[in-house]
Amino acid sequence: MRKKSAFILIAVVLFAAAAGFPAPPTLAADSQVDIGLHIPYYAGIEVEDNKDDEDAGQALDYLFLLPDLKYNYFFNEQGLKAGIGFRMFTLILESIAYPIITLETDLGPFTLSSHIGGGTFLLFGLFNSLEAGHIYIPELTAAYHLTETFSLGTGAMFLFAPQEADLSNFAYIGHVFARFTF
């Protein structure tokens, strides 16, 4: 129960900071907001007990836009940046937000980023709920900066729902994106 309370407290503080509620002055200096549009193009699931040994993934027949907002507070601004924050995806009528831990580095015009999030999920829209559970969403992305604030890139997102520390079953999505960074 303590873990759940800690996740909820962290999520509330991060949401309040992103919404502009009073926060320590250093919070804004090391903050980064990413607003993106993702287009998933490949989805699949990997199951250890697959007797057919076939890939359970396929290219998506219909492309759709998936808007997202990512907020990070980075503890260092140079080299490999480490931070905490939250990620929110929306399908207009329903949105989901969850806390994340991020590692990011800039290599010339490229930004390599990875984060893992989950554990606590805030759902709002037609259905409102705060859920906690052993569901984790890691993501790896590479982006090319066309300007200082706009980039295009690609990435892979995974969905782990381990039961008794079994990480052999997971879902994955490949996507391309356009992102504004502030």
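The values are calculated or read from the model by the stated rules, or taken from the named source; none is laboratory data. Everything numeric in this text was worked out from a predicted model, so none of it was measured. Quick reminder, even Gly has a Cβ in these numbers, built from the backbone with ideal geometry, and neighbours come from all protein chains shown.
May I ask you to list pairs of residues, at least six apart or on different chains, whose Cβ atoms are under 7 Å apart, with the first in the stretch 94-114 being crowded, with 19+ Cβ neighbours inside 10 Å and the second being outside any strand (DSSP E or B)? Hits for this filter: Pro99/Phe7; Pro99/Ile10; Pro99/Ala11; Pro99/Leu14.
Residue-wise test of (1) more than 23 Å from His175 (Cα to Cα); (2) in a helix (DSSP H, G or I); (3) at pLDDT below 85; (4) of a type in the set (S, T, N, Q).
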position: Tyr62; (1), (2), (3), (4): no, no, yes, no
position: Asp68; (1), (2), (3), (4): no, no, no, no
position: Tyr71; (1), (2), (3), (4): no, no, no, no
position: Ala82; (1), (2), (3), (4): yes, no, no, no
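Every residue, every condition in (1) touching an Asp or Glu at 6+ places or on another chain (Cβ under 9 Å); (2) part of a loop (DSSP other than H, G, I, E, B); (3) more than 20 Å from Pro99 (Cα to Cα), yes or no:
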{"site": "Thr111", "(1), (2), (3)": "yes, no, yes"}
{"site": "Ile116", "(1), (2), (3)": "yes, no, no"}
{"site": "Leu130", "(1), (2), (3)": "no, no, no"}
{"site": "Gly133", "(1), (2), (3)": "no, no, no"}
{"site": "Tyr136", "(1), (2), (3)": "no, no, no"}
{"site": "Leu140", "(1), (2), (3)": "no, no, no"}
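Considering (1) under 18 Å from Ile35 (Cα atoms); (2) surrounded by 14 or more Cβ atoms within 10 Å (Cβ to Cβ); (3) out of contact with any Leu (no Cβ under 7 Å at 6 or more places or on another chain), the lone condition that Phe150 does not fulfil carries the number (2). With respect to (1) out of contact with any helix residue (DSSP H, G or I) (no Cβ under 6 Å at 6 or more places or on another chain); (2) part of a strand (DSSP E or B); (3) among the polar types (S, T, N, Q), the lone exception for Gln78 is condition (2). Of the listed requirements (1) touching an Asp or Glu at 6+ places or on another chain (Cβ under 8 Å); (2) under 20 Å from Leu65 (Cβ atoms), Phe158 misses just one: (2).
Can you pull out every residue in the stretch 142-167 that is under 18 Å from Phe180 (Cα atoms) and part of a strand (DSSP E or B)? Ala142, Ala143, Tyr144, His145, Phe150, Ser151, Leu152, Gly153, Thr154, Gly155, listed by residue number. Checking each residue in the stretch 160-176 for being modelled with pLDDT under 90 and over 15 Å from Ser114 (Cβ atoms) picks out Ala161, Pro162, Gln163, Glu164, Ala165, Asp166, Leu167, Ser168, Asn169, Phe170, Ala171.
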